[in-house]
Amino acid sequence: MADKKESRRTGLGPFSYMGVEPSAPSQFFSADRAPTTDDYANHNVGAIWLDLSPVAPVNAMYWCLIQKDNNIATWLKLGTTGIKEVTADSGITVVPDGAENINMPGGTNLTTVGSTNTLTINTDLDTVADTYTTDSGNATPSGGELNVSGGASVATSGAGDTVTVAIDGDTIAEDFITDSGTANPSGGVLNILSGFGAATSAAGKTVTIAQTGVTIDTFETDSGNATPVNGIVEMLGGNNIDTSGAGDTVTIDTHNLGEGVVTSDGAGVFSVPVSEDGQLIIGATGGVVQWKPLTAGAGITITNAANSVTISSILSSPTSISNFKAYLSADIIDAGPGLQTIEFDQTLWDLGSTFNTSTGVFVAPVRGIYYFVGNVLISRWSSNNTGTWIQTTGVYQQTNQQCNINLNAIAYIDGGVRKASSISGTTALLDAGDTAYFRAGYGTTSKFDFIAGASNDLQTWFTGCLLAEF
């Protein structure tokens, strides 16, 4: 419980109750120290305390007792000219402790020193540099900043707490390429050594490569040898030969280049005049070689052009495959009247896939000479106006009618039915894509039959092949 008696307020005290008559003036004390929580005895609430201690601020410091419950005194500071709080760059605001002290210790690489009314903040010795010494001269930070700049062939860059110093690309060699292989410096040193007949020396920033006493002193040829004079060997031409030099190159060439060719026989060296397009050098027994064109023989063509001769045959053996034999697998009853294309619906073979069994038409795969032959067995015709054809299309279109014969003359009776067989054959010049087919026609009004024959005795068929390709 609070000591109500001790905590009562007097009428003259600054914290007295309104309307209370003062019984005595406020208590007043002075001492060379500040009051504490133990200063409650013999002090009433409202008492004034003057701190006259040497550490007190100028004009002293006043305290007022505002509570003394449970033998604990609570004093309120009434006035001061000292520091009340300190605000830092980061963290919370710093306020004095009960003894009105604010400690100001140093941090990393910093120390603080107090003297009278002065607080000194110093960096620890050798922890933060204020001067940077280089190979030549030194630099001092300005405004807390020190520029680290590159120089000739050197660049600097910064990121985070790192400064990178690098060599600019292509300014200092890392590899040294020789005629064979490469060399890399080791420990900043590159050895430049000589080889056979040479010596190297260095002075200042110069490396000198010089010839030693070992030199090439003889050049062997097909016959004899040559020795340099003052380091020079002359390379002269001979009969119909010229030499020339440019830079590090010696060129050896025939004399009068472009005026002909040079040939040799037992009598020596001589020239042949310039040729014409398509001519070749052709020799003659006991005579002089000459430029002459080739002569074409039968079935051969020769085409002359600049630096070329083309020899070709008018006809050549086929390089494409085209060979077929088609037949009629079943009788065609009541064909006609008039001219009919026989639609051979089956093949014994069709090398090259050139015959169409749906239409009975052959299609030439390449330009060439083709041979065709076909046969048909006819029955029940009523007119002598008859014939068989092998028809072709294209630029060289032709119709073969050499079998336009009187069927009555060759007819025979088979089971009471008159029949006749007719065959046609021809050669034809066809371009690729031209066609050939077998046709038969008997009268203009009557109909007739095409007889297929048995499988082992074909009566109506058509065959052809490629003879020559060109």
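The values are calculated or read from the model by the stated rules, or taken from the named source; none is laboratory data. Everything quoted here is computed from the prediction, not taken from an experiment. Note: ideal-geometry Cβ built from the backbone for every residue, glycine included; neighbour counts use all protein chains shown.
One line per residue, one yes/no per condition, for (1) assigned to a loop (DSSP other than H, G, I, E, B); (2) among the aromatic types (F, W, Y); (3) more than 30 Å from I209 (Cα to Cα); (4) out of contact with any helix residue (DSSP H, G or I) (no Cβ under 9 Å at 6 or more places or on another chain):
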| residue | (1), (2), (3), (4) |
| --- | --- |
| N122 | no, no, yes, yes |
| T127 | yes, no, yes, yes |
| S136 | yes, no, yes, yes |
| V163 | no, no, yes, yes |
| E174 | yes, no, no, yes |
| S180 | yes, no, no, yes |
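Those residues that are more than 29 Å from A411 (Cα to Cα) and among the charged types (D, E, K, R), I need them from segment 325-378; list them, please. If the condition is that a residue be more than 29 Å from A411 (Cα to Cα) and among the charged types (D, E, K, R), then D350, R367 are the ones that fit. Would you confirm whether any residue within segment 398-418 is touching a Ser or Thr at 6+ places or on another chain (Cβ under 7 Å), modelled with pLDDT of 85 or more and either of a type in the set (K, R) or within 14 Å of F362 (Cβ to Cβ) (or both)? No, because not a single residue in segment 398-418 is touching a Ser or Thr at 6+ places or on another chain (Cβ under 7 Å), modelled with pLDDT of 85 or more and either of a type in the set (K, R) or within 14 Å of F362 (Cβ to Cβ) (or both).
Is it true that some residue in segment 244-252 is at pLDDT below 80 and in contact with a strand residue (DSSP E or B) (Cβ under 7 Å, 6 or more places away or on another chain)? No: segment 244-252 contains no residue that is at pLDDT below 80 and in contact with a strand residue (DSSP E or B) (Cβ under 7 Å, 6 or more places away or on another chain).
If you filter segment 427-444 down to residues that are surrounded by 17 or more Cβ atoms within 10 Å (Cβ to Cβ) and at pLDDT below 90, you find that the one that is farthest from C465 (Cα to Cα) is Y442.
Scanning segment 200-239 for residues that are surrounded by fewer than 11 Cβ atoms within 10 Å (Cβ to Cβ) and of a type in the set (G, A, S) returns A202, A203, G204, A210, G213, S223, G224, G231, G238. Failed condition for E145, given (1) closer than 30 Å to V86 by Cα; (2) in contact (Cβ under 8 Å) with a residue 12 or more places away in the chain, with all others met? Every listed condition holds for E145 apart from (2). Taking the criterion of being over 30 Å from M104 (Cα atoms) and loosely packed, with under 11 Cβ neighbours inside 10 Å, the residues of segment 136-151 that qualify are S136, G137, N138, N147, S149, G151. Looking only at residues in segment 264-286 that are among the hydroxyl-bearing types (S, T, Y) and either loosely packed, with under 11 Cβ neighbours inside 10 Å or within 22 Å of N304 (Cα to Cα) (or both), the one that is modelled with the highest pLDDT is T285.
Of the residues making up segment 104-135, those that are exposed (fewer than 11 other Cβ atoms within 10 Å of the Cβ) and on the phi > 0 side of the Ramachandran plot are T116, D126.
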